[in-house]
Amino acid sequence: MNRTRGSRILVVDDDVDICRNLADILVDLGYQVDFAHDGRSGLELAERSNYDVAIVDLRMPVMDGIELAREIRRCRAGTVSILATAWAGPETAALALTAGAWRVMEKPLAFPELLGLLKEALDQPLVLVVDDDRDLCDGLWDLLRERGFRVSLAHEIAHAAELINQSPFQVVLLDLRMPDGDGSEFLRVVRAANPRSRVMVITGQRDDGGRLSLELVAHGADAVCFKPFNLPSLLATLERLAFTGGGTTGDGPREIP
């Protein structure tokens, strides 16, 4: 699916001409573009607004591109960061990827390559992980990014409710027990905001003869994953939901042992 028109791009580079030229080209192609000339200003924009992609220069005053990519991952996990640098050695690339950048491009930027990467990033399925276990969320973020998903994170129901109204998530991965609310109630919020979203519920509760699964599907769940979960099965089901929209069967929701 091509999501170019209306997609939001953040460009952060201390070279004013590069920012203006890149913004002009992207706006002509239908993107919405904001830009900043140092890392700190770029971070302030990212904290205020939800961007699909951030194109970030490596060497900038106040905050360099690697630190900015790390901060964008912290505050806007669903934003895809592309690092641009004239110093694209293996060590730089490794640091950038560890910080959360998706790709590293050499400067001067080759526009056909950049446009191809933008399209690839925007066509990645959107997944929202809602869980108060931050270590679990970080691990799933790394794993799902490697498998070609854009991943947003929420550690509270209130934050998840904000995000669900900002982006058309294909799949919501939802912990049943959250510190500020009941996950099953949030299912109704997801259905109201985007009926096409598929929801996989994660729970540590034991399923008493399938009763819990039936209750969850009645609330709108498409799959149920019991902790500790089988990671390959979880990934297979997540990909099925994201790419085919497949959810429940006539016997109830798909259960993942």
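The values are calculated or read from the model by the stated rules, or taken from the named source; none is laboratory data. Fair warning: this is a prediction, and the values are worked out from it, not measured in the lab. Reconstructed Cβ throughout: ideal geometry from the backbone, glycine too, with neighbour counts over all protein chains shown.
Got at least one residue in the stretch 178-185 being among the hydroxyl-bearing types (Ser, Thr, Tyr) and closer than 23 Å to residue 65 by Cα? No - not one qualifying residue is present in the stretch 178-185.
Within the stretch 1-12, residues that are over 19 Å from residue 149 (Cβ atoms) and at pLDDT 95 or above have Cβ atoms under 9 Å from residues that are in a loop (DSSP other than H, G, I, E, B) and aromatic (Phe, Trp, Tyr) in these pairs: 9/31; 9/51; 10/51, counting only partners at least 6 apart in sequence or on another chain. Would it be correct to say that residue 56 is β-branched (Val, Ile, Thr), over 14 Å from the mean Cα position of the chain (by Cα) and over 25 Å from residue 186 (Cα atoms)? Criteria met by residue 56. Which of (1) touching a Ser or Thr at 6+ places or on another chain (Cβ under 6 Å); (2) modelled with pLDDT under 85 is the odd one out, the single condition residue 228 does not satisfy? Condition (1) is where residue 228 drops out. For the stretch 178-193, a residue qualifies if it is touching a residue at least 40 places away in the same chain (Cβ under 8 Å) and either outside any helix (DSSP H, G or I) or within 21 Å of residue 6 (Cβ to Cβ) (or both), and the qualifying residues are 178, 179. Residues that are touching a residue at least 40 places away in the same chain (Cβ under 8 Å), aliphatic (A, V, I, L, M) and surrounded by 20 or more Cβ atoms within 10 Å (Cβ to Cβ) within the stretch 123-144 comprise 126, 127, 128, 129, 130, 144, listed in sequence order.
Filter the stretch 148-165 for residues that are assigned to a loop (DSSP other than H, G, I, E, B) and over 12 Å from the mean Cα position of the chain (by Cα); which is modelled with the lowest pLDDT? Here the residue is 165.
Residue 98 - would you say it is exposed (fewer than 13 other Cβ atoms within 10 Å of the Cβ), closer than 22 Å to residue 143 by Cα and under 18 Å from the mean Cα position of the chain (by Cα)?
Numbers: exposed (fewer than 13 other Cβ atoms within 10 Å of the Cβ): yes; closer than 22 Å to residue 143 by Cα: yes; under 18 Å from the mean Cα position of the chain (by Cα): yes.
Spelling it out, residue 98 is indeed exposed (fewer than 13 other Cβ atoms within 10 Å of the Cβ), closer than 22 Å to residue 143 by Cα and under 18 Å from the mean Cα position of the chain (by Cα).
Please tell me if residue 43 is outside the structural domain of residue 242 (by TED's automatic domain parsing) and either modelled with pLDDT of 95 or more or out of contact with any Ser or Thr (no Cβ under 7 Å at 6 or more places or on another chain) (or both).
Working: outside the structural domain of residue 242 (by TED's automatic domain parsing): yes; either modelled with pLDDT of 95 or more or out of contact with any Ser or Thr (no Cβ under 7 Å at 6 or more places or on another chain) (or both): yes.
Answer is yes for this residue.
Looking only at the stretch 5-14, which residues are surrounded by 14 or more Cβ atoms within 10 Å (Cβ to Cβ), over 18 Å from the mean Cα position of the chain (by Cα) and in a loop (DSSP other than H, G, I, E, B)? If the condition is that a residue be surrounded by 14 or more Cβ atoms within 10 Å (Cβ to Cβ), over 18 Å from the mean Cα position of the chain (by Cα) and in a loop (DSSP other than H, G, I, E, B), then 13, 14 are the ones that fit. Residues of the stretch 188-225 that are at pLDDT below 90, charged (D, E, K, R) and closer than 15 Å to residue 172 by Cβ: 188, 191. For the stretch 19-31, a residue qualifies if it is within 14 Å of residue 115 (Cα to Cα) and crowded, with 16+ Cβ neighbours inside 10 Å, and the qualifying residues are 22, 23, 26, 31. Just wondering, is there one or more residues in the stretch 41-61 that are in contact with a Lys or Arg (Cβ under 9 Å, 6 or more places away or on another chain), surrounded by fewer than 21 Cβ atoms within 10 Å (Cβ to Cβ) and hydrophobic (A, V, I, L, M, F, W, C)? No - not one qualifying residue is present in the stretch 41-61. Put simply, of 159, 155 the only residue that is touching a residue at least 24 places away in the same chain (Cβ under 8 Å) and not assigned by TED's automatic domain parsing to the domain that holds residue 102 is 155. Summed over the stretch 210-239, the residues that are over 22 Å from residue 189 (Cα atoms), in a loop (DSSP other than H, G, I, E, B) and of a type outside the set (A, V, I, L, M, F, W, C) give a count of 4.
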